[in-house]
Amino acid sequence: MPHRPQTRITASASPPPSEEAWLAARRVARELDRILDEADPPRTAVDRASAELRLSTRQVYNLLARYRVDRRVSSLLPRTTDWRFDYNAALTKRAEQLGFDLVFGLAQWASKGGYGGISKYREESLDPFIAVTALSAMTQRILLISTIHVLFGPWHPLHLAKFGATIDHISGGRWGINVVTGYSPREVRMFGGQHIEHDRRYEMAGEFTDILCRLWGETEDLTLRGKFWSLEKAFVTPKPVYARPILVNATGSPAGIAFAATYSDLVFITSPAGHEIDAALAALPAHNAVIKAAGTERGRELRTIINPMIVCRETDREAQRYHQAILDAADHGAIEGFVSHQQTGDAVAWKAHGDKHRALGGNIQIIGSPEHVVDKLIGLKRAGCDGIQIAFFDFAPDLEFFGDAVLPLMKQAGLRSA
């Protein structure tokens, strides 16, 4: 890949903090935590982590990498993207070197053949709970989020409280959960269950999460009889590194927003206007305002994250040509199968998204030159999004190009600190 000239960049990027600096910062942060805990209620992991993140490049606009461990795109155009762990581990370490803040693993339960098509769309994938555990021992600074369907199978809050605290310690306080209730009837039937009504799922997830947080915080045995779960003299140790791990959920429904306002630190959102970026920029200010107002009503600050699929090349024309090549190689059988699967569920967030964007994927799509991409990212920030959860068509080379050509422009625009 040719190196992109950076003659337009007037401010040079500072080198990333050394490992020694980070270790020292963590020691200082832990001592501050000890002092603050003597006077104040426990703060969330996000609050505490943000104090440390001020020492790095994560100051202005959260940039999140989304490395899906399955086939992300319904296109047969050749690419390097792979579901295997070594590929994703290399990407995660490279993202950390570039200063990315967070890596997120999606979970999906598919039958043999996935959602069909030549590619057997999403048939092969790694479990993000296990994969993130392994990644935590291979990284130093990047935050790690596992997606977990808390209502599938025999999950009990005590299981996840213990497992989660363990991963949190392995990672040094960098782990979090994307709490998912499961919109698909087909998926829950894999576990011998029956589909649960949408709002009731969030009621159950609320009780699950409440017990989870209590187990992480209680200093004595916990006994309770809930509507859905019970415990008798339950206790979890060690406790998470920073009061509790980061909590995340993805939502667009009133019930999901209420859950987020009560429990979540980060909210993965979709565009109410579909995948077209300009339509999304017009619709997102009001959408973000509703979500953040719900948090404010409960005395909490919510941060919203949106997922753009970025197709970027040196010029707009080259990017459009690359995009068209992806569309021309669309796996139509996979697209039809996945759309049919989604229509059997009751998810609210993707209702405005049409079928034609599925070959490329992403919640929204930004296609163009580095300058064009940064202009749209500025628009997302102005629309109230606190971060972006990036996906690429061909992750390894596209990540390198993004780091070389887009990140410096983001710093110049004030989206990232230099």
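If I filter the range 367-380 for residues that are modelled with pLDDT of 80 or more, within 20 Å of S264 (Cβ to Cβ) and surrounded by 20 or more Cβ atoms within 10 Å (Cβ to Cβ), do I get at least one hit?
yes
Do you know which residues across the range 132-152 are free of Cβ contacts under 8 Å to residues at least 40 places away in the same chain and surrounded by fewer than 17 Cβ atoms within 10 Å (Cβ to Cβ)?
If the condition is that a residue be free of Cβ contacts under 8 Å to residues at least 40 places away in the same chain and surrounded by fewer than 17 Cβ atoms within 10 Å (Cβ to Cβ), then A137 is the only one that fits.
Restricting attention to the range 91-127, which residues are closer than 20 Å to N363 by Cα and either outside any loop (DSSP other than H, G, I, E, B) or of a type in the set (V, I, T) (or both)?
L102, V103, F104, G105
Give the number of residues within the range 168-179 that are among the aliphatic types (A, V, I, L, M) and either part of a loop (DSSP other than H, G, I, E, B) or surrounded by 22 or more Cβ atoms within 10 Å (Cβ to Cβ) (or both).
Qualifying residue count for the region: 2.
Please list, ordered by first then second residue, the pairs with beta carbon atoms under 7 Å, 6 or more apart or interchain, first in the range 399-416 and at positive phi, second assigned to a loop (DSSP other than H, G, I, E, B) and not acidic (D, E).
So the pair list comes out as G414/V60.
Out of the residues in the range 355-375 meeting the condition of being of a type in the set (S, T, N, Q) and in contact (Cβ under 8 Å) with a residue 60 or more places away in the chain, tell me which one is nearest to A273 (Cα to Cα).
N363
I305 - would you say it is of a type in the set (A, V, I, L, M, F, W, C) and touching a helix residue (DSSP H, G or I) at 6+ places or on another chain (Cβ under 7 Å)?
no
Take the conditions surrounded by fewer than 19 Cβ atoms within 10 Å (Cβ to Cβ), among the hydrophobic types (A, V, I, L, M, F, W, C) and either touching a helix residue (DSSP H, G or I) at 6+ places or on another chain (Cβ under 7 Å) or under 30 Å from P254 (Cα atoms) (or both) and apply them to F208. Does it pass?
No.
Please indicate, with yes or no, whether at least one residue in the range 327-338 is within 22 Å of the chain's Cα centre (by Cα) and either at pLDDT below 95 or assigned to a helix (DSSP H, G or I) (or both).
Checked the range 327-338: at least one residue is within 22 Å of the chain's Cα centre (by Cα) and either at pLDDT below 95 or assigned to a helix (DSSP H, G or I) (or both).
May I ask you to say which residue of A391, A405 is modelled with pLDDT under 95 and buried (at least 22 other Cβ atoms within 10 Å of the Cβ)?
Sole residue among the options that is modelled with pLDDT under 95 and buried (at least 22 other Cβ atoms within 10 Å of the Cβ): A391.
Quick one: in the range 127-168, of everything that is among the polar types (S, T, N, Q) and within 18 Å of P238 (Cβ to Cβ), which residue is modelled with the highest pLDDT?
Result: T166.
Among the residues of the range 198-238, which ones are within 22 Å of H149 (Cα to Cα), in contact (Cβ under 8 Å) with a residue 40 or more places away in the chain and in a loop (DSSP other than H, G, I, E, B)?
W229, V236
The values are calculated or read from the model by the stated rules, or taken from the named source; none is laboratory data. Treat the numbers as computed from the prediction; the structure is a model and nothing was measured. Please note: Cβ atoms are built from the backbone with ideal geometry, for glycine as well, and neighbour counts cover all protein chains shown.
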